[in-house]
Amino acid sequence: MVSSLRVSKEGLEIVEQARKKKGWTKTAAAWCQAAFTTEATLKRFWRQVPIQQDSFIKICEAVGVNWEDVLDKTLSPGTLRVDWEEPIDVSVFYGRTKELADLENSILKNRLAVLTGMGGIGKTALVGKVWEKQIKGKFDYTIQRSLSTSPLLPELLKDIVEFLSDGEQQEGGISQLMEYLRKQRCLLILDNVETIMSIGTNAGNFCPEFQDYSELIKRVKSEQHKSCLLVMSRERPQDAIWLRGEKVGFLALCGLKKEAQELLKEQGLSGSEKDLETLNTLYGGNPGSLKLISSLIQELFNGIVLNYLKSGTIVVVLKEILEQHFSRLSDLETQIMVKLAVNSDPSSLSLLVEEISPLSTAELMQAVKSLIDRALIEKSCTEVDDVTFTLQPEVRKYVKRKFVK
Ligand SMILES: Nc1ncnc2c1ncn2[C@@H]1O[C@H](COP(=O)(O)OP(=O)(O)OP(=O)(O)O)[C@@H](O)[C@H]1O
Ligand SMILES: [Mg+2]
């Protein structure tokens, strides 16, 4: 028998019934107390992650269940271990053939893979899909955590090390983690990493209390091991940019192209190819926006895209996400966004320097670069190789409404 145990699918139902009888929630403090365990371990139990035998037995006993009746007897040392904090439903997923291949490649080839893109663009969905479809069987251990609750690194490492050691080690720092990354093939997925990055300065720098994450990234990239850390963020982490090169992969996710039409149709919309394409362009191919606007078009226009387009307005549906993005910008970045919103044509760097003065060109360049790292501005090249910048229509509308009187 292995020293760590996990509950079977059928066993979960038995535990669920027993829990209800007791009147406990799934992570009740009374349950943790009675089983001499932590909430984190109890959560793992529910997610069918192997935990220490002793904790497993006590969790079952506390709720009045015979542990042998609910045990997953198929678990062996060779079983792939997976601890996905927030399961993702990817049953409806369109396109992204190239991105799926690129991400798979990046994860399998590198020690550090970085996936960036604005809110709603599909980062979480893409990772869920690539894991499910292409890389599930290739790692001994997969652990996914969202940093949206801003966990301090020691807290997060404790959680990860406990998982990677099958519950045997309950403490551990970066060095312990590195040992496991060497010993077995692990995939660590950290989502919503922008949450622990500084606000009001240029993009991609960790807040002072999260500086040790920078150390984690550097060690994972530079030390020898057979695992991968996948960082997902709305902002490109500057540390990773410093580390650009061997064993680091970057993927910046852009909007959906033609495949957006399938998504819009699946959402119940009807319209010519041209109308659907126009709608997709208005929302920058952002699947999050497209789903929300589809719901509005359904309700107000019976799903007929042309009738919405005829209204001549762009409803800002991604308001909440855009609020979050804008609350993170520096004053200069906000000024640049306002200028780009007001200028109907794409603006060159020299035009922005002229319009936003007095300030140094260097400062402006850094701020524009930062906005690119946040995926908030679009870049294009003119015939004379001059780079120009502009905003997606929905973003432009949001900026105008919020900042331009
Ligand atoms: N290729 C796709 N096909 C169908 N639906 C998609 C696709 N990509 C994303 N979606 C859907 O669009 C919505 C937004 O996607 P997702 O949550 O992955 O964005 P995100 O980039 O992770 O955003 P955030 O930065 O806010 O976490 C979700 O409802 C998701 O299911
Ligand atoms: Mg996400």
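Every number in this text was worked out from the coordinates using simple rules, so none of it is lab data. The structure presented is a predicted model; accordingly, all values stated were derived computationally and were not measured. Here Cβ is always computed from backbone atoms with ideal geometry, including for glycine, and neighbour counts include all displayed protein chains.
With r as the distance between the Cβ atoms of Ile356 and Lys73 and R0 = 51 Å, compute the FRET efficiency 1/(1 + (r/R0)^6) and round to 0.05. So the FRET efficiency works out to roughly 0.15. If Lys and Arg each add +1 and Asp and Glu each add -1, what is the summed charge of the other residues whose beta carbon sits under 11 Å from the beta carbon of Trp131? Neighbour charge sum, excluding Trp131 itself: +2. Over the chain, with a Gaussian network built from C-alpha contacts below 10 Å, which listed residue (Lys247, Lys58, Lys310) shows the highest mean-square fluctuation? For the chain, modelled as a Gaussian network with Cα springs under 10 Å, the answer is Lys310. Phi angles across segment 77-87 convert, under the Karplus curve 6.51 cos²θ - 1.76 cosθ + 1.60 with θ = phi - 60°, into 3J(HN,Hα) values of x, x, 5, 5, 9, 9, 10, 9, 4, 10, x Hz, Gly and Pro given as x. Between helix 273-282 and the chain, what is the angle of the helix's C-alpha long axis to the longest principal axis, kept within 0 to 90° and rounded to the nearest 10? Rounded to the nearest ten degrees, it is 80. Computed from backbone phi with θ = phi - 60° and the Karplus coefficients 6.51, -1.76 and 1.60, the 3J(HN,Hα) list for segment 289-300 is 5, 4, 5, 5, 5, 4, 5, 5, 5, 4, 5, 9 Hz; x is used for glycine and proline. With a cut-off of 20 Å on the backbone N, the residues of segment 9-23 near the modelled label site 7 Å out from Ala34 along Cα-Cβ are 11-23. Count the DSSP beta bridges whose two residues both fall in the chain, then state the antiparallel fraction as a percent rounded to the nearest 5. Percent antiparallel among DSSP bridges in the chain is about 30.
I'd like the FRET efficiency for Arg401 and Lys218, computed as 1/(1 + (r/R0)^6) with the beta carbon distance as r and R0 of 56 Å, rounded to 0.05. So, using R0 = 56 Å, E works out to roughly 0.85.
The slack between Ser344 and Lys310, meaning 0.36 nm per residue of separation minus the straight C-alpha distance, is 10.2 nm.
In the chain, the alpha-carbon atoms span a convex hull of 173 Å³ per residue. Between the Cα long axis of helix 174-183 and the first principal axis of the chain there is an angle of about 80°, rounded to the nearest 10. If you run the Gaussian network model on the chain, springs between alpha carbon atoms under 10 Å, then out of Asp166, Asp54, Asp373 the most flexible one is Asp54.
A Förster radius of 45 Å, combined with the Cβ-Cβ distance separating Asn302 from Thr27, puts the computed FRET efficiency at roughly 0.55. For the pair Ile57 and Ser380 in one chain, pulling the backbone fully straight at 0.36 nm per residue adds 110.2 nm over the alpha carbon distance. Couplings 3J(HN,Hα) for segment 119-136, derived from phi with the Karplus relation 6.51 cos²θ - 1.76 cosθ + 1.60 (θ = phi - 60°), are x, x, 6, x, 5, 5, 4, 4, 5, x, 5, 5, 5, 4, 8, 10, 10, 3 Hz, where x marks Gly and Pro. Here the scattering of segment 143-282 is modelled by Debye summation over its C-alpha atoms, one equal scatterer each and no solvent; at q = 0.09, 0.11, 0.21, 0.22 Å⁻¹ the log10 of I(q)/I(0) is -0.39, -0.54, -1.23, -1.33.
Highest mobility in the GNM of the chain, judged by mean-square fluctuation with C-alpha springs under 10 Å and restricted to Gly167, Gly117, Gly303, is found for Gly303.
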